[in-house]
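Asker: This is the structure, below, for whatever I ask next.
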Amino acid sequence: MKKILLVTNAFYITKRLEDQYRMLKDAFAARGFVVEHATNAELTCALTQSGAEFFRRLPEVALMWDKDIPLAKALELAGIKVFNSAKAIELCDDKVLTHIALAAAGVPFPTTYLIPMSYPNIGYKDTGFVDAILEKTGLPVVFKQARSSYGMGVKLLYTAEEVKKNVGETHEDMLLQCYVKESHGRDLRVNVVGGKAVCAVKRSSDGFCSNVLQGGKMTAAKLTADAAKLAEAAANAVGADFAGVDLLFKDGGYTVCEVNTSAHFGTLKEVTGTNLAEVIAEYIDKKCF
């Protein structure tokens, strides 16, 4: 009997997410799976010198639709095959680590500058490094918190004072990135499963960020060979079995913005006709059973 564990977050719950979980359950059930759904709060485990010991018997395959990276690592330690892997989730949950992985793989993205680490109770007494970076990037410049979603924590800043203020008020890893004017308020989301680009949508808004939850609109887009190749390379660079890869428009082509390991896909079916849950279920079925 084919079984799979669907792991979701116990504390962040929205109708969009619940609809997505239902689509995933239906897609796996249609392929003959018994789906066990558990939140991270229900998957308590003990770490011992023998490994990770969960309080109940779990399926040998897990679909990790959450960013609880320690839990994903504990599941893997217990011998469970996790999709996406803990490493892929970790790389994509942190924009700094994402860009390091992309750079290591030679995947193009806007030139990105790391902000030196400090501590919450110390802050930045000297922000001269900001001036040095802005000499390279010019203004405006894109500011990003390393661990943020749905376009939150991403800003287009127009003055050095704004940049220094945001750096000083952010107590986590962050980065500054060269602004791609050509892609202002628009991008291309390409969904990749099993190393193959499946479909694409164009997202656009009147503001800087094109995220749908920030007011952006989504329309079906032609998946060109260039966009597919770049999105596939980005997903491969972070080791993602499935991902939503955001591409910026640049110089008549594309460059990578972000890679998301648990991207929203509920409205994707309405826009493109593609049920990504079914594509993911087919991929895991063929890979594991």
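Asker: Name the one entry in LYS125, LYS165 that is part of a helix (DSSP H, G or I), free of Cβ contacts under 8 Å to residues at least 60 places away in the same chain and among the charged types (D, E, K, R).
Answerer: LYS165
Asker: Checking the structure you have, find out if any residue of region 44-64 is within 23 Å of ALA233 (Cα to Cα) and not assigned by TED's automatic domain parsing to the domain that holds LEU276.
Answerer: Within region 44-64, one or more residues are within 23 Å of ALA233 (Cα to Cα) and not assigned by TED's automatic domain parsing to the domain that holds LEU276.
Asker: Could you identify the single residue in LEU58, LEU114, LEU97, LEU102 that is touching a Leu at 6+ places or on another chain (Cβ under 8 Å) and touching a residue at least 60 places away in the same chain (Cβ under 8 Å)?
Answerer: LEU114
Asker: Still on this structure, I have one more. Taking VAL82 as meeting all but one of (1) under 24 Å from ALA233 (Cβ atoms); (2) outside any strand (DSSP E or B), write down the number of the exception.
Answerer: (2)
Asker: Looking only at region 162-185, how many residues end up being touching a Pro at 6+ places or on another chain (Cβ under 7 Å) and at pLDDT 95 or above?
Answerer: The number of residues fulfilling the criteria is 4.
The values are calculated or read from the model by the stated rules, or taken from the named source; none is laboratory data. For clarity, every value in this text was computed on a predicted model and none was experimentally measured. Here Cβ is always computed from backbone atoms with ideal geometry, including for glycine, and neighbour counts include all displayed protein chains.
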